[in-house]
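Enquirer: One structure is given below, represented as structure tokens, and several questions about it will come after.
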Amino acid sequence: MALIDCPSCSKKISDKAQSCQHCDFTLGTANAEDIVRKQNLNKYLKSQNIQMQSMLAMLLFVAGFGFMYWGGVAPGGLQHNLAIGLTIIGFVWYIVNRVRLILLKRPD
């Protein structure tokens, strides 16, 4: 008995198992086309999740930037420092998500 990766969730399962105990993907009746389709769907859903996180990061960046310049706070104050922190966190999070998307779209 060997352990293989489930084509659906990529967790370890037995090669003798008829279905994955983690995601209930039926291995016994799945052909190669079903497995590829499921892997492409998982890749698409992960891409959508990363893009949603990119949008949230962009929102953080814009909110911090706007609050810093149009919020009427004095430089050096707590609110100004929080705005700068939000801007930096949003920018870094956005860049990290864009790199994750590039790595996800690389051919296997």
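The values are calculated or read from the model by the stated rules, or taken from the named source; none is laboratory data. The model shown is predicted, which means the values in this text are computed figures rather than measured ones. Here Cβ is always computed from backbone atoms with ideal geometry, including for glycine, and neighbour counts include all displayed protein chains.
Enquirer: Could you tell me which residue of region 71-95 is nearest to GLN48 (Cα to Cα), considering only residues that are surrounded by 14 or more Cβ atoms within 10 Å (Cβ to Cβ) and among the β-branched types (Val, Ile, Thr)?
Expert: The residue in question is ILE89.
Enquirer: Any residue at all in region 32-52 that's assigned to a loop (DSSP other than H, G, I, E, B), free of Cβ contacts under 8 Å to residues at least 12 places away in the same chain and more than 20 Å from the chain's Cα centre (by Cα)?
Expert: No, region 32-52 has no match at all.
Enquirer: Looking only at region 19-57, how many residues end up being of a type in the set (Val, Ile, Thr) and within 19 Å of PRO107 (Cα to Cα)?
Expert: Result for region 19-57: 3.
Enquirer: How many of the residues making up region 4-31 are outside any loop (DSSP other than H, G, I, E, B) and either farther than 28 Å from ARG100 by Cβ or modelled with pLDDT of 85 or more (or both)?
Expert: So the answer is 5.
Enquirer: Sort through LEU103, LEU86, LEU59 and tell me the only one that's closer than 22 Å to CYS9 by Cα, in a helix (DSSP H, G or I), among the hydrophobic types (A, V, I, L, M, F, W, C) and without any contact (Cβ under 8 Å) to a residue 40 or more places away in the chain.
Expert: Testing whether each residue is closer than 22 Å to CYS9 by Cα, in a helix (DSSP H, G or I), among the hydrophobic types (A, V, I, L, M, F, W, C) and without any contact (Cβ under 8 Å) to a residue 40 or more places away in the chain leaves just LEU103.
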